[in-house]
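Here the structure is laid out as structure tokens; the discussion comes afterwards.
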Amino acid sequence: MKGKVEEFFLNILPEKMPGYEARHVQLEMAIGIAEAFTSAHKAIIEAGTGTGKSLAYLVPSFFTDKDSRVAISTGTKNLQEQLFKKDLPFLARIWQEVYGEEISFMYVQGRSNYICLTRLRNTLIPEDDRALLSKWIKETEDGNINELTGRLHPETVRNIVSDPDYCLSQKCPFRTDCFITRLRVKAQRTKILVVNHHLLLTDLMIKDSVGADQNSILPALSHIVLDEAHHLEKAATECFGEEVSFDALHGLRNQVINNRELQRQDIELKTRIEQELWDAVPHINRAKELGETMDREDTAWGMQTDAALVAGNIRQHYREAAQLLAEYGDTSVEAEALSRKVNRVVRSLDAFLDDKNDRVSWLDRQGFHSVLLSVREALRRILFSAVEPVALTSATLSTSGNFRYIKSRLGLDSGFTPRELILPSLFDYSKVLLAIPTDLLNPNSEKDIERIADHLREIVPRIKGGSFILCTSFKMVRIVKEKLQDLEGINLYVHGDKNAQELIASFRADGRGVLIGVDSFWEGVDVPGDALKAVFITKLPFPVPSEPLFAARQRLVEERGGNSFRELSLPAALLKLRQGFGRLIRRQSDEGLVVIYDSRALYKSYSRDVFQSLPKCREWRGKLDEMAAFIENDNYLRTTLFQDS
């Protein structure tokens, strides 16, 4: 395969893609993927923006045997849609022209994206929704409910989409028209399957526990590529955990209330079930209050008396409801399905209340959670041992110049010998100024926070283009917003004011806007050119030590004699710092300023780790109030970064 891949990138692609310039890092990555595929090994490849990662793993995927089934799994919907709508059609067209072969590919989403005809028939929904759906079902090819986004009541969507607990399998009267069955059959015949990490892991988990059944969508996979692999641990934690959200409890109650089959068969029994679920509402409301007001600094608060008490009360009412549903017997497929859903709630609350050493439980404003402290063994079993060739890639996988952290978190540090590649960036970072003040030694102090906000007010209006201000808390977002909101000629785009897509679109169009955000804006946001000229990082992004899951993982490391700061806190902060830094340079011509308002990056024992994790660029270190003067006195920096006076 290696020779074929080289031929494609060196000869075929330049001929078929006008303007294509061969990139040695792209070819090196493609060869790395090809060798992992042919040797049935694992590969971990870090390749930055501009490498052309998508083609680097898609081309070897196309060269696999004709009976292969290759899953391309990503962490974000944006990348999934780019692969399906742009990269795959482009490559498949070239393939057809050159090799005369048609390569099949499809985008597979989780089953909750597809309508269930049985649920549609058995659920009470508004007549305008039913009329629209009746017409749409005759026209849609795959039953993807996202085709009707914004045109249906949200409650309708929740009550009619496919749900494994409602799947009647061979008993289903609509089994020949079932959209999930069609999806499964099509996937069996398709070579390249674009999925997200959650769907992939859920499907592998089902296959590991019960083998292929009606709840499994994907075929047996021969090869897996995990793009945006830095999201894998989080996705696995969510998939392997238990959750009971308040929205789910509300939705389940409404599913019972709106179920026409239960009403037809025994309205009195249905009323008793409804009453049990209504009796749980005061306890659910109390849980919501606790989730809103619990002190987040108490790492054990999830299992405090009040939280455990309300969880136990909710569990009791749902257990009673499940027993009443069983009284319908096997004559009601709807009762069986609802019983499975109610019992799932009971089991999840069991997990929340069961204080096992390998799990941590907590309550927050979304609901009850119970997750594994470590997903290493689960990933080793269902993913890395189950499928031989698995390639992981991302722009940010290494910390301090190596993969030790990501391998330890995912279970690849023993028993496997993955091929490792850290590919150099193609961008010229000499056009970036990295500025770190020397006199902000305590960025958590009120004094330093005030100085940072004042400096932002001074320097942001001078930037020749847009600015990102990346914060580690919503408190800091509010402080910065208040300090900047009256600046003349500057529009603020603040995390939480609108949805993320609207904020980014408005920011791009503005040209000189200021986006202030946390978490999700540190990565996955692509704003090339002068629309983003400066990135201001208000503090090194260490994980919050009181966050329940992270605190429990810290204790686990310390109990076995490890150093939780070096093994967990620092690597997590370095990965996020790299992601935040990476917002600035998105194409070869980009240039600008990155400011890290945290002098600990210079003076602490981990200073070397910080600089090993960032690209080599021009640096400035000095007193905060001297930064603007330094830029002003350098002709290149002044004309690049600052507005004309």
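The values are calculated or read from the model by the stated rules, or taken from the named source; none is laboratory data. What you see is a predicted model; the values in this text were computed from it and never measured. So basically every Cβ, Gly included, is an ideal-geometry build from the backbone, and we count neighbours across all protein chains shown. Accessible surface areas use protein heavy atoms only, side chains included; no ligands, DNA or RNA. Shrake-Rupley method; radii C 1.70, N 1.55, O 1.52, S 1.80 Å.
Residues that are among the basic types (Lys, Arg) number at least 1 in the following strands (runs of 3 or more DSSP E) confined to the range 412-500: 419-422.
Among the residues of the range 121-135, those identified as open to solvent by 20 Å² or more (accessible area, probe 1.4 Å) and assigned to a helix (DSSP H, G or I) are Arg121, Glu127, Asp128, Arg130, Ala131, Leu132, Ser134, Lys135. When the test is whether a residue is more than 29 Å from Thr76 (Cα to Cα), free of Cβ contacts under 8 Å to residues at least 60 places away in the same chain, of a type in the set (Lys, Arg) and loosely packed, with under 15 Cβ neighbours inside 10 Å, Lys475 does not pass it.
Applying the criterion of being of a type in the set (A, V, I, L, M) and surrounded by fewer than 21 Cβ atoms within 10 Å (Cβ to Cβ) to the residues of the range 327-350, the residue that is farthest from the chain's Cα centre (by Cα) is Val333.
Conditions tested, residue by residue: (1) in contact with an Asp or Glu (Cβ under 6 Å, 6 or more places away or on another chain); (2) touching a residue at least 24 places away in the same chain (Cβ under 8 Å); (3) surrounded by fewer than 19 Cβ atoms within 10 Å (Cβ to Cβ).
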position: Val210; (1), (2), (3): no, no, yes
position: Leu218; (1), (2), (3): yes, yes, no
position: Ser222; (1), (2), (3): no, yes, yes
position: His230; (1), (2), (3): no, yes, no
position: Glu238; (1), (2), (3): no, yes, yes
position: Glu243; (1), (2), (3): no, yes, yes
position: Ala248; (1), (2), (3): no, yes, yes
position: Arg253; (1), (2), (3): no, yes, no
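The condition (being in contact with a helix residue (DSSP H, G or I) (Cβ under 7 Å, 6 or more places away or on another chain), closer than 25 Å to Glu233 by Cβ and touching a residue at least 40 places away in the same chain (Cβ under 8 Å)) is satisfied by just one residue among Phe62, Phe37: Phe37. Determine whether Ala43 is touching a helix residue (DSSP H, G or I) at 6+ places or on another chain (Cβ under 6 Å) and in a helix (DSSP H, G or I). Against the criterion (touching a helix residue (DSSP H, G or I) at 6+ places or on another chain (Cβ under 6 Å) and in a helix (DSSP H, G or I)), Ala43 does not qualify. For Glu155, are the conditions met, namely being open to solvent by 10 Å² or more (accessible area, probe 1.4 Å), outside any strand (DSSP E or B) and modelled with pLDDT of 95 or more? For Glu155, the condition - open to solvent by 10 Å² or more (accessible area, probe 1.4 Å), outside any strand (DSSP E or B) and modelled with pLDDT of 95 or more - is not met. Every test in (1) in contact with a His (Cβ under 9 Å, 6 or more places away or on another chain); (2) open to solvent by 10 Å² or more (accessible area, probe 1.4 Å) is passed by Glu6 save one, and that test is (1). For the range 576-595, residues that are closer than 18 Å to Thr396 by Cβ, of a type in the set (A, V, I, L, M, F, W, C) and touching a helix residue (DSSP H, G or I) at 6+ places or on another chain (Cβ under 8 Å) total 3. Those helices (runs of 4 or more DSSP H) of the range 263-378 in which at least 2 residues are of a type in the set (Ser, Thr, Tyr), considering only elements entirely within it, cover 305-326, 333-353.
Considered as a group, the residues in the range 625-643 that are of a type in the set (Asp, Glu) and free of Cβ contacts under 8 Å to residues at least 40 places away in the same chain include one that is least open to solvent (accessible area, probe 1.4 Å), and that residue is Asp634.
Considering the range 492-520, the residues that are under 18 Å from Asn78 (Cα atoms) and among the acidic types (Asp, Glu) include one that is surrounded by the fewest Cβ atoms within 10 Å (Cβ to Cβ), namely Glu502. Residue check: Pro545 meets all listed conditions (1) farther than 29 Å from Thr74 by Cβ; (2) open to solvent by less than 30 Å² (accessible area, probe 1.4 Å); (3) in contact (Cβ under 8 Å) with a residue 24 or more places away in the chain but one, namely (2).
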